[in-house]
1. Relative to the longest principal axis of the C-alpha atoms of the chain, give the angle of the C-alpha long axis of helix 69-78, reported between 0 and 90° and rounded to the nearest 10°.
2. Can you give the extra length, in nm with one decimal, that the chain gains between Gln14 and Asn93 once fully stretched, where that is 0.36 nm per residue apart less the Cα-Cα distance?
3. Let me know the charge dipole size of the chain about its Cα centre in debye, to the nearest 20, where only the beta-carbon of Lys, Arg (+1) and Asp, Glu (-1) is charged.
4. Please determine, in degrees from 0 to 90 and to the nearest 10, the orientation of helix 15-29 with respect to the longest principal axis defined by the Cα atoms of the chain, where the helix direction is its Cα long axis.
5. Once you have the Cα-Cα distance between Ile30 and Arg57, take 0.36 nm times their residue separation minus that, and quote the gain in nm to one decimal.
6. If one computes P(r) from the Cα atoms of the chain, what percent of pairs lie at distances over 16 Å?
7. When a/c is below 1.5 the answer is rounded, else prolate if a/b is larger than b/c, else oblate, so apply that to the stretch 1-61 with a ≥ b ≥ c taken from the square roots of the Cα gyration tensor eigenvalues.
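A short reminder: the numbers here are calculations on the coordinates, not readings from a lab. Nothing here was measured: the structure is a model prediction, and the numbers come from that model. A quick note on method: Cβ atoms are made from the backbone with ideal geometry, for glycine too, and the neighbour counts reach across all protein chains shown.
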Amino acid sequence: MLVVHVFVHVKPDQAEAFETAALENARNSIMEPGIARFDVIRRQDDPTRFVLVEVYRTSEDPARHKETAHYQKWRDTVAGMMAEPRTSIKYTNVFPDEQGWDYSE
């Protein structure tokens, strides 16, 4: 799996609008077969900073995600909300692995 953390800093007067747009995108994104998880998290000490935690099943799935209508709508909607350009870091999932650990036990 490929895990991507997208770091977003929005203008103070745009934080609530960004959250609304990000939640709409996340709700649609988790319906994609190539996305295992999609979290929207917001810093407690600075509500203008968000992290999108995107977990993809394969390395090809981020490109497929960017072709969807909901991603393109999100991208265009939030473009003017940014206090600075968003950045991302890619990670390789180490645990749990493809064997699918059951945490309920």
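1. 40
2. On the way: separation 79, 0.36 × 79 = 28.44 nm, distance 3.23 nm.
Result: 25.2 nm gained on full extension.
3. On the way: 13 positive and 18 negative charges, 72 e Å.
The dipole of the chain has a size of about 340 debye.
4. In the chain, helix 15-29 runs at an angle near 30 degrees to the longest axis.
5. Values: separation 27, 0.36 × 27 = 9.72 nm, distance 1.17 nm.
Roughly 8.6 nm would be gained on extension.
6. On the way: 3226 of 5460 pairs.
Considering the chain, 59 percent of its Cα-Cα pairs are separated by more than 16 Å.
7. Here the stretch 1-61 falls in the prolate category.
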